[in-house]
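What follows is a set of notes on a single structure, which appears directly below.
The values are calculated or read from the model by the stated rules, or taken from the named source; none is laboratory data. Predicted model only: the values in this text are computed from it and were never measured. Cβ sites come from the backbone with ideal geometry, for glycine too, and all protein chains shown count toward neighbours.
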Amino acid sequence: MSHYQRIACLSTESVETLYALGAEHTIAGISGFTVRPPRAREEKTKISGFSSSRLERILAVQPDLVIGFSNLQADICRDLAQAGVEVHLFNQRSLDGILRMVSVLAALVQREEAGRELVAQLRSCVDAARTRAAQWTRKPVIYFEEWNEPLMSGIGWAAELIVIAGGEDAFPALSAHQSAKDRIIADPMEVVRRAPDIIIGSWCGKKFQPDSLRSRAGWDTIPAVRNGMLFEIKSPDILSPGPSAITEGLRQISDMVALWQERTK
């Protein structure tokens, strides 16, 4: 039996991971943004947004542990600690960080063996994508757009996944920044200059609109636009730093690179 019986999860990846570990019985409340697994939304009480949370809603489920993510949830975690609740704030920003989060979460709920199995499964997904990419000699330049107003390039683990899948991130220097505002592309023509072969839209929380991207001034010359290589990865599949970024996000990027290789022989 786990030490913790009433865990409040303030972000989606901790919910996904606890279910994958077979520890869903320990979850007392979830983020309203949770989509994985789908049944979590039916089975569990929604207690928070992401950066917006009310202390009383979280305390109402009487948590014995609250799991948060990143500096954006630091204030609510501080308030919970002051209210006497035990808190674990994860801050994973890379593939290694995601795997470490899985292992730590598994230890917290005494599911270490399941944690090792899940980490092994995720590593095998990464190895399979690397092996697939190794067959290709050409690497498409990939622009990952996390937001459109203003333009914002992809976060660190998204850039890592692009490289593993056999691509080159169009803005590698920006991906090193954790803060979204530090990944803003001030001049849209900078994307044109970098001439991406593939464009991935993953607008956090809203549907990607390829037509609006095509109509941007000067963007009709971009190879990805000319060749119809514009794709969406839904934000829950890649922007939450949990298992789905690897099982879903990486797989989709790998398929996009494969399609590009086939179309541009």
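For this structure, a couple of remarks:
- Residue check for R132: out of contact with any Lys or Arg (no Cβ under 6 Å at 6 or more places or on another chain), of a type in the set (D, E, K, R) and not assigned by TED's automatic domain parsing to the domain that holds M229: yes
- Any hit, the range 230-245, residues being among the β-branched types (V, I, T), surrounded by 16 or more Cβ atoms within 10 Å (Cβ to Cβ), in contact (Cβ under 8 Å) with a residue 40 or more places away in the chain and in contact with a strand residue (DSSP E or B) (Cβ under 8 Å, 6 or more places away or on another chain): no
- Qualifying residue in the range 216-226 (condition: of a type in the set (S, T, Y), out of contact with any strand residue (DSSP E or B) (no Cβ under 6 Å at 6 or more places or on another chain), under 14 Å from N148 (Cα atoms) and at pLDDT 95 or above): no
- Yes/no for P63 being closer than 21 Å to S244 by Cα, of a type outside the set (V, I, T) and either assigned by TED's automatic domain parsing to the domain that holds S175 or not in a helix (DSSP H, G or I) (or both): no
- Only one of the listed residues (S202, S179) is surrounded by fewer than 17 Cβ atoms within 10 Å (Cβ to Cβ), hydroxyl-bearing (S, T, Y) and either within 20 Å of the chain's Cα centre (by Cα) or not assigned by TED's automatic domain parsing to the domain that holds L161 (or both). That residue is S179.
- Odd one out for S31, checked against (1) closer than 19 Å to S240 by Cβ; (2) surrounded by fewer than 17 Cβ atoms within 10 Å (Cβ to Cβ): (2)
- Being of a type in the set (A, V, I, L, M, F, W, C), in contact with a helix residue (DSSP H, G or I) (Cβ under 7 Å, 6 or more places away or on another chain) and outside the structural domain of V257 (by TED's automatic domain parsing) is a property that V141 lacks.
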